Amino acid sequence: MNFFEAQDRAHKKTGMLIWSLVLGLVGMTIGLYFITMLAVQAAGIYEQVQDREAASQGQTIHHNEAERWAELEVGSWWDLDLALISFGIMLVLVGGGFLYRYMQLRGGGEAVAEMLGGVRIEPDTSNPAERRALNVVEEMAIASGIPVPPVFAIPSDSINAFAAGHTVDQAAIGLTHGCIELPRDELQGVVAHEFSHVFNGDMRLNMRLIAIIKGVMVLGITGLLLIRVVGYSLLFGGRRSSNDKGGGAALALGIIVFGALVAAVGFLGTLMARLIQAAVSRQREFLADASAVQYTRNPEGIAGALKRIGGSTAKPRFVTEASQFNHMFFSQAMPAVFATHPPLTERVRRITGSTGDPDMTPTRIIAEPSTPTPSEKSSVGAAVVGAAVGAVTIGRIQDSLAHAGELDAISMEWTRQILNSIPDDLRLAARSPRSARALIASMLMVEGGTDNAAAKVQMEAVRSMLPDEEVTRVERMVPMLKALDVAARVPLLDLTSPALQSLSPSQANELQALVEALVAADNHVSRFEWIVTILVDAMLDRSGSASHRTHATVKSVAQSVIVMLSVTAVAGTEDRKVAGEAVQKACDALGISAPEGGLATMSIKGINTAVHELRTLSFAERKRLLVAIVGIVNHDDQTTVDESEMVRAVAEMLAVPMPPVMPDAA
């Protein structure tokens, strides 16, 4: 499935869900109106009976305004004021419930994980099973070209998982304790299934569906509260006067009946939401299963996990709200009237290609891959270096962009080799919030080259902006980074994503200021320094409060587009005239006016502003921008691994999962 089309299609389906909510709101409003009118009719008849009884005894009853209005409404079934009141009540209850849940979900995938009792697995965890799970997620994220998402452990012994978030780069992965303990090949199949939901645009749809379910449930909850709190309190909770003559009991029973009818209307609304939940989910699961097989090239992995779930006798245990999240899980998390997932046997049959009933016995446990020894790491690193010095054909970059959101065995193996070439100390530093800033500073200092004056300025900036503990780490990591292969730099930077998201706002601001100071030290910005600037800013922009809007066009954010085109052009050549020509050609292709002089005025702050604006582009427009950037890279008819990484960095900033570009032979 085309990634760009899938994302924009998901946004359109979100609109359809909102319209479904509006239609449901209208239907429930009609139901509430007739229930309320029925109550008014009953009250009016009751008041008329009271009047007749009082008149027979020569007495007069003085009714209040509401009672007189109810008496006049007997025989009439339409009243505009009552219709407006019913709609207002419905808007407040259902709309309020929807908005309440939507605001809860502003935090994205992390908010969902926390609602389900999830605990974030620390990037530098020493638990073997958790470390293996993080390794699997890291490999798949870097192989697909997205930031490494945070992973949450969900307190349940059942085997289950989910991916949640508003955008690709704000996703979070949830794994139950039972899932974390799976053999690696089965765990990889489950994680690949969840990554498919990320790439196919299912997450955004699922998040809106959660809010809709909560909204329509509010009316039913209100009806139950009327029964249990108001009706029962009046009926059993207080003393009634001997002169009451059953009026209090009649009122209590009336409220109980009214509450029951309101709850019934709410139940019908909830039933409709559950039908939508089941309909949206079932077909998406078959697609995600097929994608997981494509990603891993190992159908037995995901099939084994499904068989293990089918053979488990343990009842799944989740928090009470888990039923609202049923459609997001790898398999049915909670019992439901309408199943949100296809039968396990049907899923296994489609994965394995069997025609009859599949054998649901769990597959054998495949041996865990051994951790490379230091000597093996060096040999892998040498192989990577040998490949990375080769040129990259523009066709490969274009092909990688065309296959955004797709993984295959080659890119996964290439990613594994790259990660294995990174020394353990550097990988540990990338995973820890306590050392990630020092690692990024070290990478920029190494990029500064042999300019002693610039190195001195950079070191002064590090000492003035970082604590002594982090300064010591910088001094220790610089020599290791000098020996690191060029092809491993961006993947190492990507590994810092979960750690950077754990930084406090003040620490994040300090990091941005430090990056700006280190880049400006030698009055020259290299290609890799642009990459670090763009990616670090995008990583720090992935907070739950970040904008989820994706409707902007290239023309509406033309200035930011020109800044990004200029950055790419300048990073690819030292000849500003050639760079200006490349930007002019790209602007013509995008239908926007090129800046005077060919290049935009560029600064770190200007790039940060551009990053924020470009992340609001629709996905179709993001594709156009990336195609234009590929054209700039190829303007001189020469492309390198460095330039391909520049394209990948912009794609990652735009939340477009672009697979790594395999270099040609040297």
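Readers should treat all values here as calculations from the given coordinates under stated rules, not as data from a laboratory. Since the structure is predicted, the reported quantities are computational estimates derived from the model, not experimental observations. Because the Cβ atoms are built from the backbone with ideal geometry, glycine has one as well, and the counts that use them run over all protein chains shown.
Numbers below:
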read-out: Assigned charges on the beta-carbon of Lys, Arg, Asp, Glu; the stretch 466-527 dipole about Cα centre (debye); value: 240
read-out: Unsatisfied cross-links (Cα-Cα over 31 Å) in the set K555/K577; K214/K605; K456/K605; K577/K623; value: K214/K605
read-out: For the stretch 86-146 and the stretch 579-634, distance of Cα centres in Å; value: 33
read-out: The stretch 124-235 - convex hull of alpha carbons, volume per residue in Å³; value: 133
